[in-house]
Structures are given as structure tokens and as C-alpha cells.
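This report refers to the structure that appears directly beneath it.
The values are calculated or read from the model by the stated rules, or taken from the named source; none is laboratory data. Bear in mind that the values here come from a model prediction, so they are computed numbers and not experimental data. Methodologically, a virtual Cβ is constructed for each residue, glycine included, from the backbone with ideal geometry; neighbour enumeration extends over all protein chains shown. Ligands, DNA and RNA are excluded from the accessible area calculation, which covers all protein heavy atoms including side chains. Shrake-Rupley method; radii C 1.70, N 1.55, O 1.52, S 1.80 Å.
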Amino acid sequence: WIHRASGTMMDANVSGVLAALWIGGWGALAARANRPTAAIGALLLLWCAVWATGSRTAFGSAVIISALTPVIFLRSRVSSRVVVGASAVVLVATVALVAANRHNPRVVGPLARLTAELSSPSDGGLRGVLEELWNRNGYGLAATRAIEAYPAFGIGVGAFHEMASEFGGW
């Protein structure tokens, strides 16, 4: 059992990706309101939420979005000094989060999950990790087959759980 936060969505991956997407949303809102201090607090909370879910997809999304968020600030009226300061705070918080994660074995963050997969030689290394991230225990294959079978309208989000076994061949 890995301890992952799922929030009210009851799904750690969905909860984590939503938090990751809001990193950019809060960055844009704070840039528009010219409130970088509020943005830093919100971004740290959202990063904690992403980390707590242990979602590898959410972690990757959060990294990409966090890398692009300072561009929003640079294009706004906020000075580059504030952007550099905010980036430093986020970097320190990320390092602290990683350090805290390494000392609590019950909390499994996304990096620990990725590291465990990469260190397993039986899974094919990086290629095996990339294939598993795409296939997701066969659900990716089922989703791909469902899209191939019904490309115009799909099967509906609610029907996927019912029909996944048909498309996955389980």
C-alpha cells in the first residue's frame, strides 16, 4: 500500500494533475493582479498537493508548468528581481520537500516512484518506464483501442470503466 493523497476526487492522478494545472492558473492570476507574494504561497501549496498525490504524470506536468510560469511574470509588470526571488523560494521549498520525503518512508512521492521503476532491471529500464506511463496497467491500450473503434464520438467517460475489459482483452 502506497500512501497517496487523492483528495475529494478519490483518484490521486486526477487530483495531482488538477493541482499541477492550477500552478499555471495561479501564476497567471497573480501576474494579472500584480500580487507575486500571493502567488508564491499558492504555488507552494499546489506543489505540496502534487507531491502528496505521488502522481508521476502530475509531477511532470507541474515541472513543465512551473518552468513556464516565470515567463508570465516576466511579461507582466512584475520586476525581474521578484521573479528571481520567487524562483529561489520555490527551489528551496522543492529541495525541502524532497528532503522531507526521503526521511518519511510512508509518504511516497513521484520521484520515489520513478526511481523505483528505473532501478528495476526486469522492467526494461527507461523504455519500460515510458511504456508503463503510456499503458498504465493496460488501460492505455484499452483507451487507444476505444478511440480507434469510436473515433468520432468515443464511448463516454462514464462508460470506460464498464467497457475497458472489452477493449483491453482481459
Could you pull out the residue among 98, 71, 108, 78 that is modelled with pLDDT under 70 and in contact with a His (Cβ under 8 Å, 6 or more places away or on another chain)?
-> 108
Collect the residues in segment 29-53 that are surrounded by fewer than 18 Cβ atoms within 10 Å (Cβ to Cβ) and either over 15 Å from residue 66 (Cα atoms) or at pLDDT below 75 (or both), keeping them in residue-number order.
-> 32, 33, 34, 35, 37, 38
Would you check which residues across segment 123-170 are modelled with pLDDT of 80 or more and of a type in the set (Val, Ile, Thr) and list them?
-> 144, 147, 155
Tally the residues that are at positive phi and open to solvent by less than 60 Å² (accessible area, probe 1.4 Å), restricting the search to segment 137-168.
-> 3
